[in-house]
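Values in this text are rule-based calculations from the coordinates and carry no lab data. Source: prediction; values computed, not measured. A quick note on method: Cβ atoms are made from the backbone with ideal geometry, for glycine too, and the neighbour counts reach across all protein chains shown.
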Amino acid sequence: MRKVTISARELTYRYGDLTAVDHISFEVAEGEVLGFLGPNGAGKTTAVRMLTGQLRPSEGSAFILDEDISKSAKQVQQYLGVSFETTNLYEDMSALENLELFARLFNVKNFNALELLEKVGLSGREKERVSNYSKGMKQRLMLARALINHPRILFLDEPTDGLDPVSSQTIHAIIREASAGGTTVFLTTHDMVEADKLAHRVAFINKGQIAALDQPAVLKQHYGKRTLKIEVQDGQGGTHTRSIPLDGSETAKEVEQVFASGNVLTAHTEEATLEDIFIEITGRGLLG
Amino acid sequence: MIRALIEKDLKLYFRNPFFALITLLGLASVVVLYYLLPSQADDSLSTALVLPAGTSAEMCAFLSDAFESDLLDSQEELLKAVEDGDYQAGMVLTDTVIDALVSGQPVNVPVYTAPGTSDDMKAALTDIYTAGLNNVNFTAAQKQININDQIVVFGPDFLGINEPLALRDRMLPMLIMMIFSIELMGLANLISEEVLRGTAKALLVTPLRTSQFFSAKMLLGVGLAFIEVLLLVTATGKLLVSPAILVTDLLVGGLLVTGVAFFIAAFATSFMSVMSWSVLFLLLLMLPGISIMFPTMVSVWIKAIPSYYLVDTLHRALNYGAGWGDVSLNLLILLASGAAFLLLGAGLLRRRFR
């Protein structure tokens, strides 16, 4: 059994009267990618800030690498890599200078900034001021910064939000590589497709509480409805699409009838997305 | 870690074209301004006198000496010279006036003063002319006026009565405060940007402690402010006047400026906000410098502004050779104010990191 690296127990945070994170409990194992999904304001970032030692929980506790983060934040942070939702780089310094500064703070010996920059696709522009970088380049540099200390846990807050497909692919590849190397990845996102692709398990967070937590496939099987979509030619030369639930009692009969008409153009099955399941569980969309 | 942060902040400070420019330009301008100001105090009063035509040469010399005035030829010439500021005051003595004086009669003589002369100065001029007129009277009556006008000053002569201070030396504490103020804006902006751009958050999820973050900022602020004002003092040739007190005062002054910068950064929400708060504090902190330039014009409440203890110490040490005993209370108050601002600012900033 793999070692647990993150353990949240009844973790709670209140901003005055507002409970941003409400008694959440979960565990994440070494090398696992956990997708932490929810709409804006659901409590994702507050949870990450507690797990990384930036905020002290109002109630409950979080154990990171077996240490209570509220009590030993600085010891634990030595092993964490954090990439923030909003860009927070030193824009008047180069990528190289940004990385060298953080390498010194982590006391990383034999640090090869160029190798790291090449990994995130920024080699050749390492001496340019970050203010000249595109959003995607900045996001990749933030990821490089989070990887400087070869972290045992990587916290990524919306790492691909608003990025071009190439930048997103680069970041996805790095997440997979980190996970394969034994790094736990705590991925906060509201991109369900990304979570579906990368996460071993996903947690749906809504109004500060975890509404569901499991492997994407299990969630789909449990909550999702599989559908057969059939495109049919009608009598006037047009087309229309029929959706037939595959789990219904009359499914076989309905499918037989449609195909018997001889007007079927295409047919394919469609499974529920994580977004559909999120809506079904929480009654709200991810952008709400 | 602290060293890494200081090196980073120095890079960022001087890569900001605005602050790099005003720092270097400000320092150069203040040094140039210092040397452009008069190096000697000119406290003399220049007055003029018009005597009736036909006054004997002996009488002209006597009256010119009695009034310590230059002699002009006509009332028109005198009025124009006074109006142009060539003389601070002037008086016209007619035959009637001189006759009345000689015979011991009271006289009524107008005194013309330059535009903008203060009431205090007008009163002083009137006294001088009255003394001169009395002197003429007593001389004519063969009785010399005999007034003992020796002035004794206890302690350092802060009014400059015995040895008048050159304007530039009187201004030096305020010029030093100006350099401190430039530094105040730069440092407040640097700290505020760490908060506004979220870079402080990135730093504080590393093994760097909040106390180390603040220590780095404090060392940078005090160091930068100290070096800048030290350069100014060196350039003005005042460094060796009272080096130990000077260095201590400038270091503690740097602490005060850094504390105020922390305080501003804790409130500022943008670059413009930093500038607005800085200007407000800058004006307040500069006020005590004015009290040095015009000692009688400022009320006692000026002592409620912490920078008073900085400029007052500078003024006493640089211009009057004051010793530790004279300035130690000033330095203590300054240190306490600096520490209070620093702690308050750091406390408020810490709240913003959450």
Principal axes of chain B: Cα extent on each, largest first, Å = 95, 41, 32
Order of A:LYS44, A:LYS220 from fewest to most other C-beta atoms within 10 Å?
-> A:LYS220, A:LYS44
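Using a/c under 1.5 as the rounded threshold, could you call the range B:17-74 rounded, prolate or oblate? The axes a ≥ b ≥ c are square roots of the C-alpha gyration tensor eigenvalues, and prolate needs a/b larger than b/c, oblate otherwise.
Cα axes put the range B:17-74 in the prolate bin.
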Tell me the label-point distance for the pair B:LEU45, A:THR241, using the 7 Å Cα-to-Cβ offset, in nm and rounded to one decimal.
-> 10.2
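How do B:ASP99, A:ASP214, B:ASP312, B:ASP169 rank when sorted from fewest to most other Cβ atoms within 10 Å of their own Cβ?
Numbers: B:ASP99 12, A:ASP214 15, B:ASP312 25, B:ASP169 21.
Fewest to most other Cβ atoms nearby, the residues stand as B:ASP99, A:ASP214, B:ASP169, B:ASP312.
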Computed magnitude of the charge dipole of the protein assembly as shown (debye, nearest 20; Cβ of K, R +1, Cβ of D, E -1) | 3180
Find, among the GluC sites (Glu not before Pro) in the range B:1-89, those assigned to loop by DSSP (not H, G, I, E, B) with at most 13 other beta-carbon atoms within 10 angstrom.
-> B:GLU68
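Pick out, in residue order, every one of the GluC sites (Glu not before Pro) in the range A:182-288 that is DSSP loop and has at most 11 other C-beta atoms within 10 Å; say none if there are none.
Details: sites: A:GLU194, A:GLU231, A:GLU250, A:GLU254, A:GLU256, A:GLU270, A:GLU271, A:GLU275, A:GLU280; in loops: A:GLU250, A:GLU271.
Here the GluC sites (Glu not before Pro) that fit, given the DSSP loop and packing criteria, are A:GLU250.
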Grab the beta carbon distance between A:ARG2 and B:ALA166, set R0 = 60 Å, and tell me the FRET efficiency rounded to 0.05.
-> 0.15
Applying the gyration tensor rule to the Cα atoms of the range A:103-188 (axes a ≥ b ≥ c; rounded if a/c under 1.5, else prolate if a/b exceeds b/c, else oblate), the class is oblate
How far apart, in nm, are two points set 7 Å out from the Cα along the Cα-to-Cβ line at B:ASP73 and at A:SER123?
-> 9.3
quick note, the protein assembly as shown, DSSP beta bridge pairs, % antiparallel (nearest 5) is 60
Quotient of Cα Rg and 2.2 N^0.38 Å for the protein assembly as shown, N being how many residues it contains = 1.56
Mind telling me which of B:GLU194, B:GLU228, B:GLU183 comes out most flexible in a GNM of chain B, alpha-carbon contacts under 10 Å?
-> B:GLU194
Under a Gaussian network model of chain A whose springs join Cα atoms within less than 10 Å, the largest fluctuation of A:ILE244, A:ILE69, A:ILE205 belongs to A:ILE244
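For chain A, with only Lys/Arg (+1) and Asp/Glu (-1) charged at the beta-carbon, what is the dipole magnitude about the Cα centre, in debye rounded to 20?
780
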As computed over the range A:1-102, the Cα convex hull volume per residue (Å³) = 133
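With a ≥ b ≥ c taken as the square roots of the eigenvalues of the C-alpha gyration tensor of chain A, please select rounded if a/c is under 1.5 and otherwise prolate if a/b is larger than b/c or oblate if it is not? Working shown, then result.
Details: a/c = 2.57, a/b = 1.65, b/c = 1.55.
Note, shape of chain A comes out prolate.
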Which length gain, in nm to one decimal place, applies between B:PHE271 and B:LEU37 when the Cα-Cα distance is subtracted from 0.36 nm times their residue separation?
-> 80.8 nm
With springs only between Cα atoms under 10 Å, which of B:VAL195, B:VAL30, B:VAL109 fluctuates most in a Gaussian network model of chain B?
-> B:VAL109
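Any of A:LYS71/A:LYS119; A:LYS71/A:LYS109; A:LYS127/A:LYS197; A:LYS3/A:LYS127 with alpha carbons more than 29 Å apart? Name them for me. Intermediate values should be presented prior to the final figure.
Details: A:LYS71/A:LYS119 35 Å; A:LYS71/A:LYS109 27 Å; A:LYS127/A:LYS197 34 Å; A:LYS3/A:LYS127 40 Å.
Too far apart for the 29 Å limit: A:LYS71/A:LYS119; A:LYS127/A:LYS197; A:LYS3/A:LYS127.
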Return one number: the angle in degrees, 0 to 90 and rounded to the nearest 10, between the long axis of the Cα atoms of helix B:307-320 and the longest principal axis of the Cα atoms of chain B.
-> 50
Added length on full extension, which subtracts the Cα-Cα distance from 0.36 nm per residue, B:ALA66 to B:PHE18 | 11.4 nm
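Note the full-extension length gain between B:VAL111 and B:ASP127 as 0.36 nm times their separation in residues minus their Cα-Cα distance, in nm to one decimal. Present the calculation step by step, with values, prior to reporting the outcome.
On the way: separation 16, 0.36 × 16 = 5.76 nm, distance 1.08 nm.
Difference between extended and current length: 4.7 nm.
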